[in-house]
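The next block holds one structure in the form of structure tokens; read it before the comments.
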Amino acid sequence: MKRICLIISIIAMFANCSNNKNEINLPVTRTFDCDVLVIGGGPAGLSAAICSARKGAKTILAERNGCLGGMATSGLVAPLMSSTTPDGKTLIIRGFFEEFVDSMVAVGGAIHPLKSEIGSLTAYRDKGHHGLTTFDYECFKKTAEDFCKDAGVELLYHLLFVKTDTKDNKITAAYFATKAGIWKITAKNYIDCTGDGDVAESAGVPYIYGDGNGDIQASSLFFTVRNVNKAAMDAHNEECKKKNDFEGQFYMREILAAREAGEFPIWRQKIALFENLDGTYTVNMAQNDSVDGLDPKQITDAEVTGREQAAIIVKFLRKYVKGCENCELAATADQLGVRETRRIDGVYTVTAEDAKNSVKYPDPIFCCANSMDIHRKGRVEYVARNTNEPYYVPYRALLPKNIDNMLVAGRCASAERPVMAAIRVIPPCFAMGQAAGTAAAMSVAKNTSPKELNTEELVKTLKEDGVYLP
Ligand SMILES: Cc1cc2nc3c(=O)[nH]c(=O)nc-3n(C[C@H](O)[C@H](O)[C@H](O)COP(=O)(O)OP(=O)(O)OC[C@H]3O[C@@H](n4cnc5c(N)ncnc54)[C@H](O)[C@@H]3O)c2cc1C
């Protein structure tokens, strides 16, 4: 008998070891079930989860980091890009985004976008920098967690999504690598908010990577500096503006001189510092070209290089920039700022022509006026629009073509490259998340698929929830 048992266990052991040495089989150590599973807790994901739970769906938000916010917190990205008309006078990204900002403002953790002044706290640029939101990273994290708690979102940190099961054009389960083994979560609807479209890729959704020919936008590691003399910086800024000296305003001549002297081996042409509420400045000047944001080895190398660049940039600021003579590195981001990876092929792909001409759709979920800028090696390419009117994003841009119980929100939604270069900034990602979460919960309540949801009803609900759709 003992011998038979031994033979059976040896056979079982071999059955578990695949013939392919590059595969492993691991047991599931814990399972969860919910109505709506949101994967990725960045701006899109946190909005999706909170708006889904508020509509009564049992919602889980799974995130690989130990906080919410994605690039806005772990990536030290700041400020929140424009949420207004180009003149900064009318707030057009509203709904949950506005509520979130108001909550931060109420506790002194942000400056309202309608109060942001060009050339003062938030932005030094006159064009494209109206309506920014200066915010505090810690306040953002806490506000997001408070909203989750109030809405009843079940938060699961430290879960790295690795795989889906699919059947008949539906996702049937999602698997996560955790410190405690593999965890499995099943849901009625799944929302991919990973920024990279990890869930969509695993489920077999077609996608485009970068420009479709291997070219990808530059990545940047953000960092912050302290001990900046704001008065001296502002005085220089004002002086250059009076003289119409754009190059002087952004220390472009000094960057060229430093590069020639071997003191600035980085492709940035201009200084880019944004003042934070605590007097530190966020610096968006490090840059790495052609990093594949889906390859951990390349990301690691870029993060190490990014920190080397931060030290070089601080040295440059101290030597060349008025007001920065005594500045010091305060913090570097925990993760690299990846501008671009996958965009899914959705039921509708928002085209650059649509955005340029403010085309209207029957199923709009938000509108915005962010500039379309593509970050290439050595330059930023701006795509001109034909109108100053806001442009729209339709619900269908969140729906992948071949999976029926899934939505995608944020940087990996379905839009042509120049459009995603604009709507990937944080306020539009909030808006996409609100629409995805609301739609996912509504479709659970109506026992229908997100694709069959009555979009008139969705648009009406979004408007009732504060979304601005003129
Ligand atoms: C260099 C740079 C500069 C920028 N500057 C600005 C700016 O000044 N203002 C502005 O508003 N926007 C800016 N942006 C854009 C903005 O920060 C991002 O595009 C935006 O945060 C995208 O939101 P998201 O929710 O789609 O993705 P992310 O913010 O990337 O969030 C995705 C979340 O998913 C999690 N995740 C990813 N994969 C997995 C997985 N497999 N399993 C579990 N969790 C996962 C991540 O940890 C993260 O929390 C900048 C971006 C970059 C890269």
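Can you spot the aspartates and glutamates whose alpha carbon is less than 13 Å from Lys241's alpha carbon? Ignore those fewer than 8 places along the same chain. Qualifying aspartates and glutamates at Cα under 13 Å: Asp126. Using a simple spin-label model with pseudo-atoms 7 Å out from Cα toward Cβ, Lys184 and Asp301 lie 3.8 nm apart.
Computed about the Cα centre, the dipole magnitude for the chain is approximately 660 debye when only Lys and Arg (+1) and Asp and Glu (-1) carry charge, each at its Cβ.
Here is the link list: Lys243/Lys356; Lys141/Lys322; Lys356/Lys377; Lys141/Lys242; Lys142/Lys451; Lys356/Lys460. Which ones come out longer than 28 Å on Cα distance?
Working: Lys243/Lys356 33 Å; Lys141/Lys322 33 Å; Lys356/Lys377 24 Å; Lys141/Lys242 39 Å; Lys142/Lys451 34 Å; Lys356/Lys460 26 Å.
Flagged as over cut-off: Lys243/Lys356; Lys141/Lys322; Lys141/Lys242; Lys142/Lys451.
Please compare each pair in Lys270/Lys319; Lys89/Lys230; Lys188/Lys360 to a cut-off of 24 Å on the Cα-Cα distance and tell me which ones are over it. Checking Cα-Cα distances, Lys89/Lys230; Lys188/Lys360 exceed 24 Å.
A simple spin-label model places the labels of Asn386 and Ile24 5.5 nm from each other, with each point 7 Å out along Cα-to-Cβ.
What full-extension length gain, to one decimal in nm, is calculated for Lys242 and Lys315 as 0.36 nm per residue of separation minus the Cα-Cα distance? Before the final figure, lay out the partial values.
Details: separation 73, 0.36 × 73 = 26.28 nm, distance 2.80 nm.
Full extension from Lys242 to Lys315 adds 23.5 nm.
Annotation: the residues Met285, Met432, sorted from fewest to most other C-beta atoms within 10 Å of their own C-beta, follow the order Met285, Met432.
For the chain, calculate the relative contact order in percent as a whole number, restricting contacts to Cα pairs under 8 Å that are 6 or more residues apart. Let's see the in-between values first.
Details: 1078 pairs, mean separation 103.6, N = 470.
Answer for the chain is 22 percent.
If R0 is taken as 41 Å, the Cβ-Cβ distance between Glu457 and Leu294 corresponds to a FRET efficiency of 0.65.
Any chance you could give the angle, 0 to 90 degrees and rounded to 10, that helix 2-16 forms with the longest Cα principal axis of the chain? That works out to roughly 40 degrees. Less than 5 angstrom separates the built amide H of Ala331 from those of Thr224, all sequence-distant by 5 or more or on a different chain.
On the basis of the beta-carbon distance and an R0 of 35 Å, Val107 and Glu154 show a calculated FRET efficiency of 0.90. Going by alpha carbons, how many degrees (0 to 90, nearest 10) lie between the helix axis of 137-151 and the longest principal axis of the chain? It is inclined by approximately 40 degrees. The Cα center of segment 129-159 and the Cα center of segment 178-192 differ in position by 21 Å. Counted residue by residue at 0.36 nm each, then reduced by the alpha carbon distance between them, the extension gain from Asp146 to Asp211 reaches 19.6 nm.
Read the figures in this text as sums done on the coordinates, not as results from a lab. What you are looking at is a predicted structure, and each value in this text was computed from that prediction instead of being measured. No Cβ is skipped: glycine too gets one built from the backbone with ideal geometry, and neighbour counts run over all protein chains shown.
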